[in-house]
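The values are calculated or read from the model by the stated rules, or taken from the named source; none is laboratory data. Please read all numbers here as calculations on a predicted model, not as lab measurements. Note: ideal-geometry Cβ built from the backbone for every residue, glycine included; neighbour counts use all protein chains shown. To get the accessible areas, we keep the full protein, side chains included, count just its heavy atoms, and leave off ligands, DNA and RNA. Shrake-Rupley method; radii C 1.70, N 1.55, O 1.52, S 1.80 Å.
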Amino acid sequence: MIWSLLKILSFVVIVTGVTAGAVWLAEMPGGAVVTLGGVEVTLRPLESVVAIAIMMLLFWAVLRLLGLLLAVLRFINGDDTAVSRYFSRGRERKGMKALSDSVLALAAGEAKEALARAKVADKYLGAPDVTHVLLAHTAERAGETHLAEETYKELLTSDRTRFVALQGLMKQKLTAGDTVTALKLAEAAFKARPENVEVQDVLLRLQAESSDWAGARATLGEKARRGALPRDVYRRRDAVLALSEAQAVFDDKVPIDARERAIEANRLSPDLVPAAVMAARSYIKDGNPRYATRVLRKAWEVQPHPDLAEAFAEIMPDERPDQRLARFETLTNLRTDHAENKMLRAELLIANGDFPAARRALGELVEGADATSRSLALMAAIERGMGADESVVRGWLTRALTAPRGPQWVCGQCGKVHAQWLPVCASCHGFDTLAWTTPPASDFAMPGGAAMLPLIVGAPVAPVDLSGDVVEQAVKPAPTPAPQTKVEDAEEEVILPPPPDVELPEETDTRRAN
């Protein structure tokens, strides 16, 4: 109500003011003289004000006409108008249809059709952020690697699509086997977007393959910092990288730095067998057997392993068999039910000449599915030491030829068996995928023990000297004139004539603790 009253009062005041001004101008004496083309016109004050108002109105009208003329000129030049928008909508409809057809064809596995439709979409839409990415992917699927590479290079010029281009080029170089260029592209992609898990994994693998252990540790730390890796997995893999760095330093014959990295790797992951072995040997070299014993004991408690026993034997290399048996109780009193622990104790007892105790130490490892070539070879040595017939010894050795090899370094990703631990699988290039485990049973079948017995020939030999630290041989038959095949086991060596049409499986070397 008050606002309406104020508006009315304002209108009255304005009208009153205008009226008073007009009356004042009409009564004002004098005027203005305007001469135009020899014609002189005299205008009174009020008429002069009206004339000025009319001139201003005409000036505004002229400006509007000029604006209309410029709009017509822009239309002629092709600027965005109703007509141009009509034609643009037509191109956009064609481009969007081609884009959807390309995506559907790509999902259906029709790479060639998807590539053709992607080219049409790229022509009509004029949106390279979308169409170039689709064009590059469809070109890859269609086998047009050169077109895909050129398209990715065009995408590098835009900040919005630079990461996608780097990732695409990186995958192309990996497929082509150019790991050097792929590593550089992975580093650039990681710098552009460090939170991308795929780029993190590729960069870490390439750095490990190229032995850039320092760079790999930095990448792993960034991966853990961004929450892409659990803390325990990070510590384990960081230990693997520290160990690999230590091994590389050993290769360069710089033992001081190597010892430091080996000890660091063991500190980060005490259950990593190679790290424990290297750390123990570094302590042995420094003349610190107490620390070496502590490292090996802690690792043995987690995972009994032949390499740990071998390193433990190096602490006192010149001791007698009875002394070694007593000292090894530091290990053998732990994990007494573990197969590796039983076989280690049996070996020590054989070296000490206590064959019945060695047989008891093996327990059921020579029966059923638990039997391995190593345990059966140990059993052959025990039988020989106890004076059993040659046929009994040969029977155990026959079983050892066809028995599983037991735990080995097996890649958990591809299943390849490695003779020694490596940070990167030699087959699938997986990082930290090797584990000490029993590999799957092979499809290759050897004749059974009973069928092999007639093939074992040679005269009985004298009892094996078991007074040393290692059981070198259990049986060594006399040579025969026929061509012979040498089959080596982790514990025994047997000379056999080659059976017809039978190929012996390839054996891998395994180390045995002294």
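Counting only protein heavy atoms and a probe of 1.4 Å, the accessible surface of the range 234-384 is 47% carbon and sulfur. Applying 1/(1 + (r/R0)^6) with R0 = 60 Å to the Cβ-Cβ distance of Thr336 and Lys184 gives a FRET efficiency near 0.65.
Accessible area per residue, 1.4 Å probe, Å², for the range 212-369: what's the number?
On the way: 7300 Å² over 158 residues.
Per-residue accessible area for the range 212-369 comes out at 46 Å².
As a fraction of the 1.4 Å probe accessible area of the range 91-226, surface on carbon and sulfur atoms comes out at 52 percent.
Magnitude of the Cβ-charge dipole of the range 266-324, K/R +1 and D/E -1, about the Cα centre, nearest 20 debye? Don't jump to the answer; show the numbers that get you there.
Details: 9 positive and 9 negative charges, 51 e Å.
Rounded to the nearest 20 debye, it is 240 debye.
The 1.4 Å probe gives accessible areas that order Asp432, Asp159, largest first, as Asp159, Asp432. Per residue, the convex hull spanned by the alpha carbons of the range 281-419 comes to 128 Å³.
If you take every residue apart from Leu174 with its C-beta less than 15 Å away from the C-beta of Leu174, what net charge results, scoring Lys and Arg +1 and Asp and Glu -1? Present the calculation step by step, with values, prior to reporting the outcome.
Working: positive: Lys171, Lys173, Lys184, Arg205; negative: Glu140, Glu149, Asp178, Glu187, Glu198, Asp201, Glu209.
Neighbour charge sum, excluding Leu174 itself: -3.
Leu115 contributes about 10 Å² of solvent-accessible surface, heavy atoms of the protein only, 1.4 Å probe.
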